[in-house]
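One structure below.
The values are calculated or read from the model by the stated rules, or taken from the named source; none is laboratory data. Since we're looking at a predicted model, the values are computed, not measured. In this analysis, Cβ positions are derived from the backbone assuming ideal geometry, glycine residues included, and neighbour counts consider all displayed protein chains. When the accessible area is computed, the model is the full protein with side chains, heavy atoms only, and any ligands, DNA or RNA have been set aside. Shrake-Rupley method; radii C 1.70, N 1.55, O 1.52, S 1.80 Å.
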Amino acid sequence: MTNPALLTIGVTLVCGVLGVVGLHAYTGGKADRDALLDRLSHPGQLPSAGRHRRFQGVDRRLRRTGLGRRIELKLTATGLEITPGEFFVYALVAMAGLWLAASSVLASFFGPVAALIGLWGTNAFLNWQRTKRTDRFINQLPELSRILANATQAGLALRTALAMAAEELEDPAGEELARVVRRLDVGESLDDALSELTDRLPSRELVVLVTTLVLSNRAGGMVVSSLRNLTETLEERKETRREVKTQLSQVTVTAYAVPGFGFAAMLLMNAVMPGALDRMTGALIGQVAVVVALILYAIGFVVIRRLSRIDI
């Protein structure tokens, strides 16, 4: 032990071993912390097995902002297996691609316009996915009400009936009810769990069902007969919604066809006279005319969509 060289080598080895152990503990703790943050950020979702989440740093920073929380709420309602960070990065890439494509195909003036349209399109995509998932859930409500009525008639508690419906129904009803059951398992009240469900998938039919369940859970009463009557009502509303949607399908197509014709006209004009759009948007009066035309097309689209929207 009096040899300085051996002592130095021994201390170096010990420090190296401790450094490796410390580094291993740090990386393992950081991975556990990131996984815990991800689970806490998705309290109603199960961890996705076998899927590597991209852009985790962007995702963690984005969740701390109001924009990230709004994106997360919409993504939860759509049922898409994608994080807010991934969606944000993909949206930026899509906007940049539309900017470059419009600048090269049409004119440089249309680059920012295409990026703004891409920004609107990403939000419209989320709303469309949410509406489609909500419609599928509404179509399952009569079967859900029937299962709950049968389970309560058999003497089962309402929480047990919800768990049974979550197992028997397909997605999205099965997945949404499973979230409600998991919230109930961790001690959340039935009112709060069902209210969160109506906030995520807003619809009149779901509000009526949730109100019936909450009132029956609070005050008791003939929940079976209420659910039986509600099942018949939901079946009738389901058929009515299908008929109205079929009748208004032509109006919906017209709303998308009108701006499509305008875009096709610009492509045709630029193909017949190459560089025409560049020359037109090179002057102030041409830019004003293009902006006014885009605003008029947007107003026409919104008006036609509003005319075809009938609340049932």
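Results, tabulated for the structure shown:
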item: Highest average packing first - 76-85, 117-126, Cβ atoms within 10 Å; result: 76-85, 117-126
item: Gain on full stretching of the segment that runs from CYS15 to PHE301 - 0.36 nm per residue minus C-alpha separation; result: 96.0 nm
item: Estimated distance in nm for a label pair at ARG241 and THR198, the labels positioned 7 Å out from Cα along Cα-to-Cβ; result: 1.6 nm
item: Scattering profile of the stretch 106-170 at q = 0.11, 0.21, 0.29 Å⁻¹ [log10 I(q)/I(0), Debye over alpha-carbon scatterers]; result: -0.48, -0.84, -1.11
item: Distance between modelled label sites at VAL251 and SER225, nm, 7 Å Cα→Cβ extension; result: 4.0 nm
item: Cα-only Debye scattering, the stretch 248-312: base-10 log of I(q)/I(0) at q = 0.13, 0.25, 0.26, 0.29 Å⁻¹; result: -0.47, -1.04, -1.07, -1.18
item: Karplus 3J(HN,Hα) series, Hz, for the stretch 275-292 with 6.51 cos²θ - 1.76 cosθ + 1.60 (x for Gly, Pro); result: x, 5, 5, 5, 5, 5, 7, x, 9, 5, 5, x, 5, 5, 5, 5, 5, 5
item: Per residue, in Å², the accessible surface of the stretch 140-212 once ligands and nucleic acids are set aside, probe 1.4 Å; result: 43 Å²
item: Alpha-carbon Rg/Rh ratio, for the stretch 175-271, with Rh computed the Kirkwood way; result: 1.27
item: Environment charge of THR252, counting only residues whose C-beta is closer than 13 Å and scoring Lys/Arg +1, Asp/Glu -1; result: +4
